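The values are calculated or read from the model by the stated rules, or taken from the named source; none is laboratory data. Just so it is clear, the structure is predicted and the values come from calculations on it, not from any experiment. No Cβ is skipped: glycine too gets one built from the backbone with ideal geometry, and neighbour counts run over all protein chains shown.
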Amino acid sequence: MKVLIVEDEILIAEQLQRMLKDIAPQTEVLDVLHSVKTARRWFMQNPEPDLLFMDIQLSDGISFDLFNYFDIKCPIIFATAYDEYAIKAFKVNGIDYLLKPIDEEDLIRALEKYKALKKNAQMPTELLQTLVNHPAQKGKLYKEKLIVQHRNASIPISISDIAAFYLDQVIYVVTHDGQKYIAEQNTLDEVEDILNPIEFFRTGRRQIINQQAIESYKGDAAGKLYLKLKTNHLSEVEISREKAPVFKRWIDR
Amino acid sequence: MKPLANQPNQSSQIPATPASEVPNYDSTQSDVRYQSLVSQLNPHFLFNSLATLESLIYSDQRLAVKFLSQLTRVYRYLLSTRSTPLVPLSDELNFIKDYADLLQTRFGKGLTVLIDVPPQYLERKLVPAVLQILVENATRHNITDPDSPLTISIKSIDNHLIIENNLQKKQILEPKRNEALQSLTDLYAYFSSVPMVVEQTPETFRVTLPLL
């Protein structure tokens, strides 16, 4: 978790850092900024942090002023000595409002709120990360061979040779070298279960493709993606707007 | 977004009210007025000081103890002078040194408070906590950043005490405490025929108090 602290009193900022180190040791404090001016410069030069801790009245103005310059999207935990500006704070992504001196229990609760929020907001990435990194998934050995049908005969083929699966009444299996077979499975869900999600991607209801089979892809104005595959059996595959970001994260690993 | 607080507190439009135009307060009225003035000690000050103290307990125990003593003295002074109409300048200066030290510990190089009062004035009188109100006012309304520090000077010239700071206003929350200066002016008009004077130029803000 990358955190930015905006607090004009150095000693108070130091204490917050100490508390974060205790409570959430994995926290990386990117910077501690003491004024509206330095915060403005920081946001011009850096991507947003995961979480922002911010005092309201700063030594050279009011931190809310930053929102006039930047469309800050990250969650913010406000920390202030004494005032009644909570409503304003919550209008600008404030997820919690802490009173100084900060109580450790309050800080723990605020961080839990942040974690819960993050979980909900970033489901697709989380899900993908879980798929890729989950211990159960990591250790799982995927099949190397798949039995397919060809003219009433069963043929074992290497899964790495498969360019794509597509559904058209039955499930067809297309290989990189242009052969076409019929899979034994009845649904694409069953097929998906036996494939390594790092190598194969379910582009929609009708196809699963191998990363190796993608020649190029392009987007349209509506946010859909069109994949051009290396195999001529399935030259163009469409990916919906909703699924496009997930695809992009999958391909750009 | 519009400025949240743009009421000029340290502004030029506060004329010192001539003593002759001030209605004759009886002492009860004055007490009421004064109580409300003193009780305006900013809660921000207390809670930020406590937060600072918490940090010092971890990082610098020696300074933490000093800070705690100063904080204690500041509050004890404010309590003990609550019903005192006037105090000797020496007491008030000792108090303001503690108060300024607390602020300087918090703001670091962002604030300097200079005190230069010759000994012959030390037994003269003034309204208790008036310096604290003026110093707090200056820090509340002006930038106290190490890049552009605030300097407050307290000096005495010709039977007057002058409290002056460089003017570098910042946007602030809580404009509601703006009546402090006017209350002080009225209070001085009650004690003295020589008015308290508030002056502002583009660069400086100055309050001149008669030493009683």
(message) Looking at the structure I just gave you, is A:Lys248 more than 23 Å from A:Gln179 (Cα to Cα), surrounded by fewer than 14 Cβ atoms within 10 Å (Cβ to Cβ) and at pLDDT 90 or above?
(response) no
(message) Among (1) within 13 Å of chain B (Cβ to nearest Cβ); (2) closer than 22 Å to A:Ile72 by Cα, there is one condition A:Phe43 misses while meeting the rest; what is its number?
(response) (1)
(message) Looking at region A:67-81 only, could you name the residues that are within 13 Å of another protein chain (Cβ to nearest Cβ) and crowded, with 22+ Cβ neighbours inside 10 Å?
(response) A:Phe78, A:Ala79, A:Thr80, A:Ala81
(request) Look through region B:169-184, keep the residues that are within 14 Å of another protein chain (Cβ to nearest Cβ) and in contact with a Leu (Cβ under 7 Å, 6 or more places away or on another chain), and return whichever of them is modelled with the highest pLDDT. (result) B:Gln171
(request) Please go through region B:187-205 and pick out each residue that is touching a Lys or Arg at 6+ places or on another chain (Cβ under 7 Å) and crowded, with 20+ Cβ neighbours inside 10 Å. (result) B:Leu187
(message) Can you pull out every residue in region B:104-120 that is in contact with a Leu (Cβ under 6 Å, 6 or more places away or on another chain) and either in a helix (DSSP H, G or I) or more than 10 Å from chain A (Cβ to nearest Cβ) (or both)?
(response) B:Gln104
(request) Only strands (runs of 3 or more DSSP E) wholly contained in region A:1-54 count here; list those with 2 or more residues that are surrounded by fewer than 20 Cβ atoms within 10 Å (Cβ to Cβ) and either under 26 Å from the mean Cα position of the chain (by Cα) or in the same structural domain as A:Lys100 (by TED's automatic domain parsing) (or both). (result) A:28-33
(message) Please count how many residues of region B:46-60 are within 12 Å of B:Leu71 (Cβ to Cβ) and more than 7 Å from chain A (Cβ to nearest Cβ).
(response) 3
(message) Just the residues that are buried (at least 17 other Cβ atoms within 10 Å of the Cβ) and within 12 Å of chain A (Cβ to nearest Cβ), please, taken from region B:127-167.
(response) B:Thr139, B:Arg140, B:His141, B:Asn142, B:Ile143, B:Thr144, B:Asp145, B:Pro149, B:Leu150
(request) From the list A:Ile102, A:Ile87, A:Ile108, A:Ile77, pick out the single residue that is of a type in the set (Val, Ile, Thr), at pLDDT below 90 and assigned by TED's automatic domain parsing to the domain that holds A:Met54. (result) A:Ile87
(request) Take the residues in region B:146-171 that are outside any strand (DSSP E or B) and of a type in the set (S, T, N, Q), then tell me which one is farthest from B:Lys97 (Cα to Cα). (result) B:Gln171
(message) Checking A:Ile208 against (1) modelled with pLDDT of 90 or more; (2) touching a helix residue (DSSP H, G or I) at 6+ places or on another chain (Cβ under 8 Å); (3) over 20 Å from A:Lys143 (Cβ atoms): exactly one of these is not met. Which one?
(response) (3)
(request) Taking only region B:151-172 into account, find how many residues are under 14 Å from the mean Cα position of the chain (by Cα) and among the aliphatic types (A, V, I, L, M). (result) 5
(message) Just to be sure before I move on: is B:Ile96 buried (at least 18 other Cβ atoms within 10 Å of the Cβ) and either modelled with pLDDT of 95 or more or β-branched (Val, Ile, Thr) (or both) in the structure I sent?
(response) yes
(request) Tell me, please, whether a residue that is surrounded by 14 or more Cβ atoms within 10 Å (Cβ to Cβ), in contact with a Leu (Cβ under 9 Å, 6 or more places away or on another chain) and under 21 Å from A:Asp252 (Cα atoms) can be found in region A:156-163. (result) yes
(message) Looking at A:Ile95, A:Ile147, can you tell me which residue is outside the structural domain of A:Asn232 (by TED's automatic domain parsing) and either surrounded by fewer than 13 Cβ atoms within 10 Å (Cβ to Cβ) or modelled with pLDDT of 85 or more (or both)?
(response) A:Ile95
